[in-house]
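To start, the structure itself, in structure tokens.
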Amino acid sequence: MAVKKILVVDDSPTDLQWFRDLLSKKGFEVLTAVSGEEGVSKAKAEMPDLVLMDVVMPGLNGFQATREIVKNEATKHIPVILCTNKTQETDRIWGLKQGAKDYVTKPVNADELLGKIAAQN
């Protein structure tokens, strides 16, 4: 199944705009959420083909939100790629243990991210 609709979950307006610009120019339909809670809710309501999830957010963090998405019967098929400032190898390992399919550190390299999105097809 080709990735067409992507949900970006990030509490940074600057990062959201960057993701929106990059992905919409590449032909993706882009949905956004500004918190882990909103991300989980939108994943259930909109059924995106992929979720790009920040980790450091107030309330439900990206690790917790990823866990909720991948453990929920309705959304467990949606791949999650974590996009975060957390650069430690232990963070990457923990993120993948939560069910994320991949892990990208900020500042995000556009070509690297697009490659990882393509790999989810």
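The values are calculated or read from the model by the stated rules, or taken from the named source; none is laboratory data. Please read these numbers as outputs of a predicted model, since none were measured by experiment. For neighbour counting, all protein chains shown are included, and Cβ atoms are generated from backbone atoms with ideal geometry for every residue, glycine included.
Name the residue, out of 69, 6, that is in contact with a strand residue (DSSP E or B) (Cβ under 9 Å, 6 or more places away or on another chain), part of a strand (DSSP E or B) and either surrounded by 14 or more Cβ atoms within 10 Å (Cβ to Cβ) or not polar (S, T, N, Q) (or both). Result: 6 is the single residue among 69, 6 that is in contact with a strand residue (DSSP E or B) (Cβ under 9 Å, 6 or more places away or on another chain), part of a strand (DSSP E or B) and either surrounded by 14 or more Cβ atoms within 10 Å (Cβ to Cβ) or not polar (S, T, N, Q) (or both). For residues that are of a type in the set (Gly, Ala, Ser) and without any contact (Cβ under 8 Å) to a residue 24 or more places away in the chain, scanning just segment 12-44, find the one that is farthest from residue 113 (Cα to Cα). In this case the residue turns out to be 41. Assess whether residue 36 counts as being at pLDDT 95 or above and touching an Asp or Glu at 6+ places or on another chain (Cβ under 7 Å). No; evaluated as a whole, the condition is false for this residue. In segment 9-40, the residue that is nearest to the chain's Cα centre (by Cα) out of those that are of a type in the set (A, V, I, L, M), under 19 Å from residue 60 (Cβ atoms) and in a strand (DSSP E or B) is 9. Among all residue pairs at least 6 apart or on different chains, which show Cβ distances below 8 Å where the first residue, located in segment 56-77, is over 18 Å from residue 12 (Cα atoms) and without any contact (Cβ under 8 Å) to a residue 12 or more places away in the chain and the second is of a type in the set (Lys, Arg) and surrounded by 13 or more Cβ atoms within 10 Å (Cβ to Cβ)? If the second residue must be of a type in the set (Lys, Arg) and surrounded by 13 or more Cβ atoms within 10 Å (Cβ to Cβ), no pairs are left.
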